[in-house]
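Remarks on the structure that follows.
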Amino acid sequence: MSEYFGLLTKRMNQFREEVLTAKPKVCAERAVYTTESYKEHFDKPIVLRRAYMLENILKKMSIFIEEDTLIVGNQATENRSAPIFPEYAMDWVVKELDEFEKRNGDIFYITEDTKQQLRDIAPFWEHNTTKERGLAAIPPASKVFYDLGIIKAEGNITSGDAHIAVDYGKVMKDGLKDYKKRTLAVMDSLDLTDFKNLKKLYFYQSIIIVIDAVTAFAKRYSDLATSMAEKEKNPVRAVELREIASILTKVPYEPADSFYEAIQSMWLVQLVLQIESNGHSLSYGRMDQFLYPYYKKDIDAGVITEESAVELLTNLWIKTMTINKIRSWAHTQFSAGSPLYQNVTIGGQTVDKKNAVNPLSYLILRSVAQTKLPQPNLTVRYHAGLDDRFMKECVEVIKEGFGMPAFNSDEIIIPSFIEKGIKEEDAYNYSAIGCVEVAVPGKWGYRCTGMSFLNFPKSLLITMNDGVDPKSGVKIAEGVGHFKDMENFEDLQKAWDVLIRDFTRHSVIIENACDMVLEADVPDVLCSALSEDCIGRGKTLKEGGAIYDFISGLQVGIANLADSLAAIKKCVYEEKRISRDELWNALINNFEGQDGERIQNMLLAAPKYGNDDDYVDLLVTEAYNSYIDEVVKYPNTRFGRGPVGGTRYAGTSSISANVGQGLGTMATPDGRKAFTPLAEGCSPTHAMDKNGPTSVFKTVSKLPTKDITGGVLLNQKVTPQVLENDDAKMKLIAMLRTFFNKLKGFHVQYNVVSRDTLIDAQNHPEKHRDLIVRVAGYSAFFNVLSKTTQDDIIKRTEHVL
Amino acid sequence: MNQEKALLFNIQKFSIHDGPGIRTTVFFKGCPLRCHWCSNPESQIGKIQVAWNSLKCISCQKCVKGCPEGAISEAKGSIVIDGERCKGWQECLKECPTDSFQIEGEYKTVDKIVSEVLKDIAFYEESGGGVTLTGGEVLQQADVAIEILKELKKHNIHRAVETTGYAAPKVFEKFLEHIDLLLFDLKHYDPVKHKEGTGVDNMIILENMKAAVKKGKKIVARIPVIPNFNDSLQDAEGFSKCLNEIGIKNVDLLPFHQFGQKKYDLLCMEYKMKDVKQLHPEDLMDYQEVFIRNGLNCKF
């Protein structure tokens, strides 16, 4: 633990230990109460059914208050246990029941009783989940892309959406009662002879149900705290429990008046949103901004001290860490480390363009460094006016070696938001969502990124193979000829343009089919109520309730595409050292046989992305532009229904999809062997960036960043020694400033950890239980990652700073 | 257009130990000194060389037969490359079935070098950095280096040079006009010891140092602290006295390290410092103290 930032208080240290050592289990309660409620209210409009579901769960689920906590609210029967959300998908749950404990990463324990409970409810969900409806809704010509893993959208139909931040500032300031009041007012004025208003009525009725349900849920904790206080022998703890009891009779229904109340109000809502839906990347937004008035008031009044404020914050982070999510094994490979990506954003600018850093920004850094957990995901909004003192404090957190904070830059994000029609005051108020992606809290629909994953290198192989997937032999697109017959490199470029546009259209079709099912089947009542202007419009988020609604998918394998194109151009067409037949055969044979290795070596020696070499960098920019140009043409399902936007842009926040998608991809012309991981995000391929970090920044900055508003993910790893002295630290900061101020970069995060440590952790996981690494846009415990993902991380180039 | 060529063995971006800010370091190949501890043995010979990786070698001897200069010979089932005889024909590369050879050194035009270092200009500007020319010994290719420095001046880039100072005073003084910062290596204050460790004595070096001080150049002396060569406290006194006499105020200490050990094997060169323990700043606190006591600004 940190010398610089100080230690956790004794009880928070205990609480952290308790959560860290808790075995992740599967919890059936939510699934059982959901099924029960769905059956009971099967006749009701779906939005009401969803409201009754949440009400039933919150009324009946087990609740507890941990010995060391000041903040209350639990997601499952035990901390780190994962609830099941049967309405999204139940087939994989039942199929994998006996496998959860045997996984080689993201293991979950399950009792025979729980298995039986889940088996008992399974029949109700047959042909009755978003997954099944989603798969049925995707037209066959597009579904083949889904089935072959070229376009992945499993996460979209097997769990909730999220990738959103509600406006917690408003929740704590006005209380849920204000939302209820507004809802009642509009509900009263509805003219029900207009059939459209009937639908709104159901939505409004639902909002009232869930707000009352959340209030009653808070009351349950209040009652529990009271009864615990009565039995408590320690008088100090008894006082605390009584305070908890009193706070929970007030928030989140009533406005919060203190820092403590504000945090409790926020946490309970953050929790319930993650019981309502299991969509991940549910983010807090700009916490140093909206919490600051409460902090200031209490610190000025002497109600709290810096130390007690930090303790509450650390308490919140440990609570944040208790949330868990179980995914199918297939999906786990895209989201290794069971991350929830609950993001906290600090820094940046105020809406009147001033430096927004305040004393609470520093305390959030300190508290996150003290808890040193993979949750929350901490993002610092960089801008040119961020002073060196704050930057140095950020570097101190980076030195702790758990991949935080990540930096997102105002210098590119705000202008590209304004260009897309976001009001200036809202653009200045953006926050990170999940890891790299960005949106305006409380005003933006789901999934500013996180739609489908499109595998670029695999798309290139299919392009080369005349539209036939070489792995399965299935013809999935009308090709423009086989690579073997392409006389010029330009022929291949043209073929890519045609096919990737076609694939892009299929990704849009798949996404829209999924979104229509989600809209019809699983509206999130509470999340919608807390997002503007759902109440005003009488529409859920998926119906077009948000003020802004832009989405993006994730394009995976950017560096592999770059390196493949460059190697083909260089080795086949310019130097003619490899014939087209030879290359194709080598790919099919995975570079096996004597000639294969020779060819692979030549391909590996070709120019590589990440070295500031225009030869390769400009090839991928051009290839990527075909995708970008195509995807912006296609509105999402909310277009014209209320939100500004209703459209799409590009995104590269591939999380650990590079591993999963690599598993399904044959050898590629960059010299990559079959089934090995692809490059992550916009980072270079492992060990291929040989010119150091400035060159990587230069390369990444050549991508059309202002059009990749879904996020340009760049992960850099540094060894801890490089940050030892002030001089080197300032150089790192100068490098970041250059990347953001001059090169207009979007995002970067640092993984400061030594290679030896990682190898040791792989061999002796028990010795490194709290070792955290960035897998891509987030942090995860190293020892819960699969071996392939671990190897992937170890192989990353270490820049010697 | 400047097509004049320099022989380099590396261009390294994001260098943070060779002058202020973020820098690009250009390594010139060829050096008149033969320091025992040299961590860049590939920098010594002023021509293109081949390095050989014994781990990849299958001892097929094709390279021995293929070398037109007879620079490769067989010894105890292994091979030995005579660096002085090698003319850089690269026949061994073509003959070798397992890619065991690699080339050290490349002739690059001034234009190419300048355009490569200009790629990071944004980083120099933001950090107050620039370009550092080093070696080997850059003064051995002074004319072409000056061409590079002139081009950099046109772009307003801060220019540092790290040198042993071992060059004719005329060459050295001409060179001085084109630089903003001089990182001046000093291996030993004593001429006899200097010759022992590096193969040359330090007379000319100290003369050039004085000349640079006289010209009012910004100078940092850099002392590689080598075990059993110049690492005693008495040596620290000797260095301090010497530098004070010359009038240099800033000193960087470079503790001996072993990063270069593997390179000697690849180049079939003998390494005299094998298994000598590395030094770290914490081993040299007293040593540093001597400099500070003598009024010098001494850092690691």
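The set of residues in the range A:600-629 being closer than 15 Å to A:G671 by Cα and either of a type in the set (S, T, N, Q) or away from chain B (no Cβ under 13 Å) (or both) consists of A:Q600, A:N601, A:L603, A:A606, A:P607, A:K608, A:Y609, A:V616. In the range B:145-163, of all residues being touching a residue at least 60 places away in the same chain (Cβ under 8 Å) and open to solvent by 10 Å² or more (accessible area, probe 1.4 Å), the one that is farthest from B:K29 (Cα to Cα) corresponds to B:H158.
In the set A:E396, A:E311, only one residue is in a helix (DSSP H, G or I), at pLDDT 95 or above and surrounded by fewer than 23 Cβ atoms within 10 Å (Cβ to Cβ); that residue is A:E311.
Looking at the range B:78-98, is at least one residue exposed (fewer than 14 other Cβ atoms within 10 Å of the Cβ), within 14 Å of chain A (Cβ to nearest Cβ) and either at pLDDT 85 or above or in contact with a helix residue (DSSP H, G or I) (Cβ under 9 Å, 6 or more places away or on another chain) (or both)? Yes, the conditions are met somewhere in the range B:78-98. Determine if the range A:46-54 includes at least one residue that is assigned to a helix (DSSP H, G or I), over 23 Å from the mean Cα position of the chain (by Cα) and of a type in the set (D, E, K, R). Yes, some residue in the range A:46-54 is assigned to a helix (DSSP H, G or I), over 23 Å from the mean Cα position of the chain (by Cα) and of a type in the set (D, E, K, R).
Among residues of the range B:110-134 being within 7 Å of chain A (Cβ to nearest Cβ) and in a helix (DSSP H, G or I), the one that is nearest to A:A728 (Cα to Cα) is B:S127. Just to be sure, is A:A384 of a type in the set (A, V, I, L, M, F, W, C) and open to solvent by 10 Å² or more (accessible area, probe 1.4 Å)? Yes, satisfied.
Listed conditions (1) in the same structural domain as B:H155 (by TED's automatic domain parsing); (2) polar (S, T, N, Q); (3) open to solvent by less than 60 Å² (accessible area, probe 1.4 Å) are all met by B:S115, apart from (3). Can you confirm whether A:G664 is surrounded by fewer than 24 Cβ atoms within 10 Å (Cβ to Cβ) and away from every other protein chain (no Cβ under 12 Å)? So A:G664 fits the description; yes. Taking the numbered list (1) in contact with a Lys or Arg (Cβ under 7 Å, 6 or more places away or on another chain); (2) over 16 Å from A:E154 (Cα atoms) in turn, A:I107 passes all entries but (1).
Annotation: A:N324 fulfils all but one of (1) open to solvent by less than 10 Å² (accessible area, probe 1.4 Å); (2) over 20 Å from A:V395 (Cβ atoms); (3) touching a helix residue (DSSP H, G or I) at 6+ places or on another chain (Cβ under 8 Å); the unmet one is (3). Test A:K702 against the criterion of being more than 23 Å from the chain's Cα centre (by Cα), within 14 Å of chain B (Cβ to nearest Cβ) and open to solvent by 30 Å² or more (accessible area, probe 1.4 Å), and give yes or no. Spelling it out, A:K702 is indeed more than 23 Å from the chain's Cα centre (by Cα), within 14 Å of chain B (Cβ to nearest Cβ) and open to solvent by 30 Å² or more (accessible area, probe 1.4 Å). Please enumerate the residues belonging to the range A:705-742 that are within 13 Å of chain B (Cβ to nearest Cβ), of a type outside the set (D, E, K, R) and open to solvent by 30 Å² or more (accessible area, probe 1.4 Å). Answer for the range A:705-742, where residues must be within 13 Å of chain B (Cβ to nearest Cβ), of a type outside the set (D, E, K, R) and open to solvent by 30 Å² or more (accessible area, probe 1.4 Å): A:Q721, A:N725, A:M730, A:N741.
Going through (1) farther than 30 Å from A:D614 by Cβ; (2) open to solvent by 40 Å² or more (accessible area, probe 1.4 Å); (3) touching a residue at least 60 places away in the same chain (Cβ under 8 Å) one by one, B:Y107 falls short only on (1).
Checking the stated criteria, A:A513 turns out to be part of a helix (DSSP H, G or I) and either among the small types (G, A, S) or open to solvent by less than 10 Å² (accessible area, probe 1.4 Å) (or both). Taken over the range A:405-445, the residue count meeting the criterion of being open to solvent by 10 Å² or more (accessible area, probe 1.4 Å) and either within 30 Å of A:T158 (Cα to Cα) or assigned to a loop (DSSP other than H, G, I, E, B) (or both) is 7. Among the residues of the range A:1-45, the ones that are of a type in the set (S, T, N, Q), under 27 Å from the mean Cα position of the chain (by Cα) and crowded, with 22+ Cβ neighbours inside 10 Å come to 1 in all. A:D756 meets the conditions (1) open to solvent by 50 Å² or more (accessible area, probe 1.4 Å); (2) free of Cβ contacts under 8 Å to residues at least 24 places away in the same chain; (3) over 16 Å from A:G401 (Cα atoms) in every case but one. The failed one is (3). Just so you know, in the range B:1-48 the residues that are in contact with a Pro (Cβ under 8 Å, 6 or more places away or on another chain) and away from chain A (no Cβ under 11 Å) include one that is surrounded by the fewest Cβ atoms within 10 Å (Cβ to Cβ), and it is B:W37.
The set of residues in the range B:209-261 that are open to solvent by 30 Å² or more (accessible area, probe 1.4 Å), in a helix (DSSP H, G or I) and not polar (S, T, N, Q) comprises B:K210, B:V213, B:K214, B:L233, B:E237, B:K241, B:E245. Residue check: is A:D485 within 30 Å of A:V186 (Cα to Cα) and modelled with pLDDT of 95 or more? No, not satisfied.
Taken over the range A:563-604, the criterion of being hydrophobic (A, V, I, L, M, F, W, C) and open to solvent by 30 Å² or more (accessible area, probe 1.4 Å) is satisfied by A:I588, A:L604. Of everything listed in (1) assigned to a loop (DSSP other than H, G, I, E, B); (2) touching a residue at least 24 places away in the same chain (Cβ under 8 Å), the single unmet condition for A:I318 is (1).
Looking at the range B:49-59, can you tell me whether even one residue there is modelled with pLDDT of 90 or more and either within 14 Å of another protein chain (Cβ to nearest Cβ) or crowded, with 17+ Cβ neighbours inside 10 Å (or both)? Scanning the range B:49-59 turns up no residue that is modelled with pLDDT of 90 or more and either within 14 Å of another protein chain (Cβ to nearest Cβ) or crowded, with 17+ Cβ neighbours inside 10 Å (or both).
State yes or no: is B:V192 on the phi < 0 side of the Ramachandran plot and open to solvent by less than 60 Å² (accessible area, probe 1.4 Å)?
Working: on the phi < 0 side of the Ramachandran plot: yes; open to solvent by less than 60 Å² (accessible area, probe 1.4 Å): no.
Considered against the rule, which asks whether it is on the phi < 0 side of the Ramachandran plot and open to solvent by less than 60 Å² (accessible area, probe 1.4 Å), B:V192 comes out as no.
Kindly establish whether A:T694 is away from chain B (no Cβ under 14 Å) and not acidic (D, E). No: the conditions fail for A:T694.
The set of residues from the range B:261-286 being touching a Pro at 6+ places or on another chain (Cβ under 9 Å) and farther than 21 Å from B:C57 by Cβ comprises B:M273, B:V276, B:K277, B:Q278, B:L279, B:H280, B:P281, B:D283, B:L284.
The values are calculated or read from the model by the stated rules, or taken from the named source; none is laboratory data. On a predicted model such as this, the values are computed, not experimentally measured, just so you know. Backbone-built Cβ (ideal geometry, glycine too); neighbour counts: all protein chains shown. Heavy atoms of the whole protein, side chains included, go into the accessibility calculation; ligands, DNA and RNA do not. Shrake-Rupley method; radii C 1.70, N 1.55, O 1.52, S 1.80 Å.
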